[in-house]
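What follows is a single structure, written as structure tokens, with notes after it.
Here, each number is a calculation from the coordinates, and none is a lab measurement. It should be emphasised that the depicted structure is a prediction, and the values quoted were computed from it without experimental measurement. Don't worry about glycine lacking a Cβ; one is built from the backbone with ideal geometry, like all the others, and counts go over all protein chains shown.
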């Protein structure tokens with residue numbers, strides 16, 4: 001490095017002064033905790049006694065734990081259904097709103113409202129709607145003559161479907177807004193050129209809209225998958241992971257082990273599994289973006 | 001939006017109709033929540049259900065404040081969300097100013113490290129942060145609820161991207177006039193970055209108001225609970241008193257609807273330009 005002029009040195013000093021608050025907070029509440037979580041995952045620690053070295057015990061125990069395997073399965077099932085449904089509905093709304101239908105700005109706000117709604121409050125309302133005896137959904141079903149009413153949140157067959165329904169309701173506005181931004185970035189003259197070539201609505205959608213929307217689609221996909229792997233509040237409020245772990249998910253498992261069972265090692269090991277999943281998905285995003293995604 | 005749109009075609013009216021049904025489905029839970037919150041307790045179990053009670057009970061909204069310290073919970077949420085928002089605006093804008101407007105060794109590396117933190121799910125740092133707060137004796141304190149959120153990589157990234165678009169000539173001109181870095185930051189860059197600061201403010205306030213897991217594990221006294229935690233504990237105690245639970249939900253949601261109504265444009269621009277979404 002060449003010696004810095006006094007002006008540049010002043011700028012350098014100023015820069016670090018501006019960075020001090022963020023550096024302190026970042027180090028204390030993000031960087032060191034990530035390292036600590038990694039280290040804690042190799043210990044047995046109940047917070048009341050000093051930690052004992054466990055090496056890989058927690059990880060081995062996790063993957064031999066039928067509940068943890070069920071938790072991974074549940075989380076995967078949830079992600080596999082919630083993400084495509086939420087994206088598909090968000091895309092359909094965005095396509096509808098992008099045509100300039102009457103009242104579109106009102107629609108956009110309405111579809112987005114659940115996104116800014118507290119998930120705890122939303123979960124409570126939906127728990128009431130899904131109440132198997134007095135909930136509006138089962139009352140409506142019985143008015144339509146359904147006799148074998150699902151027990152929803154207390155049924156291991158239906159509880160996860162209920163949670164998925166709520167998360168789609170809450171998340172589709174988020175996809176919609178991102179898709180709308182993506183659609184508005186597509187140049188109008190491409191459609192005009194296609195119209196001159198005699199392309200109809202469906203071909204235009206298939207050969208212009210969809211390929212040019214692919215960067216946004218890919219972005220929404222990864223963001224939604226990462227977000228869905230972290231589902232917690234809905235499970236906490238609607239089912240408490242029940243019945244018999246039918247809706248237990250990765251973050252609920254971390255919470256349960258850390259703060260109900262005081263097994264910090266197990267909870268941290270599970271958190272590392274979550275970290276690994278999110279990290280892999282983010283790296284996949286960077287690698288595949290160039291291959292699958294069409295830019296203009 | 002351009003104003004010279006072609007008149008809607010029949011197919012547009014069909015789409016309008018479908019979107020209308022969808023909008024009703026989206027609003028349904030809000031309407032039902034409001035309806036239940038105003039019903040007498042026995043009426044919620046009646047079949048067939050009624051939308052508007054013959055005997056509406058606005059007094060339900062008073063009941064929640066006498067049953068649990070819900071007023072304190074709302075106050076705590078305001079205190080925490082406001083403090084976190086103000087702190088993030090200061091801390092992130094200072095960092096963003098250094099990254100966007102100043103040259104220093106290690107700038108790219110440090111920025112990459114901050115960005116990499118976006119890949120870390122918050123649940124990974126949950127346990128070490130809980131242990132830290134507990135060891136500091138900060139359980140049931142405002143600083144325990146606020147300080148872990150005083151900085152965000154997302155906010156720094158959002159503001160830095162925006163500050164990058166400020167013409168360098170404006171900064172150079174101020175420098176030639178003899179302004180120092182603090183004066184340029186406060187007098188030139190911050191005023192020009194107001195739209196991005198607004199987006200970050202609304203975004204952070206809403207996220208903090210709705211935050212649940214961290215306040216859940218770091219508070220135990222009812223007087224220190226925030227709204228979301230108070231609501232969840234209300235559910236634990238009165239799990240069949242639906243009118244009471246629904247009044248609590250309405251009171252938790254309405255402030256965010258107001259905030260969103262005031263700033264939905266900058267909120268959405270925060271999502272779409274921030275690029276990393278609301279994580």
Distance between modelled label sites at residue B:265 and residue A:70, nm, 7 Å Cα→Cβ extension
5.2 nm
Which residue, B:32, B:209, B:242, tops the fluctuation ranking in a GNM of chain B built on C-alpha contacts under 10 Å?
B:32
Between the stretch A:224-296 and the stretch A:7-84, what's the alpha-carbon centroid distance in Å?
12 Å
So if I take the centroid of the Cα atoms in the stretch B:227-255 and the same for the stretch A:101-147, what is the distance between those two points in Å?
17 Å
Nearest-0.05 FRET efficiency for residue A:99 and residue B:42, computed from C-beta distance (R0 41 Å):
0.30
Taking 0.36 nm per residue of separation and subtracting the Cα-Cα distance, what length does fully extending residue A:151 through residue A:280 add?
42.7 nm
Would you mind checking the tilt of helix B:227-237 against the longest principal axis of the Cα atoms of chain B, expressed as 0 to 90 degrees and rounded to 10?
30 degrees
Rounded to the nearest 10, the angle in degrees between the Cα long axis of helix B:10-37 and the longest principal axis of the Cα atoms of chain B comes to 70 degrees
What's the FRET efficiency of residue B:139 with residue A:205 using the Cβ-Cβ distance as r and R₀ = 60 Å, to the nearest 0.05?
0.65
FRET E, pair residue A:161, residue B:107, Förster distance 51 Å, beta-carbon r, rounded to 0.05
0.55
Relative contact order for chain A: what is it in percent, counting Cα pairs under 8 Å that are at least 6 residues apart?
28 percent
Computed over chain B: longest principal axis from alpha-carbon atoms vs helix B:107-116 long axis, angle to nearest 10 degrees, is 20 degrees
Binned Cα-Cα distances of the protein assembly as shown, short to long, each 10 Å bin given as a whole percent:
3, 15, 25, 26, 19, 9, 2, 0, 0
Chain B, relative contact order [Cα under 8 Å, separation at least 6], %
31 percent
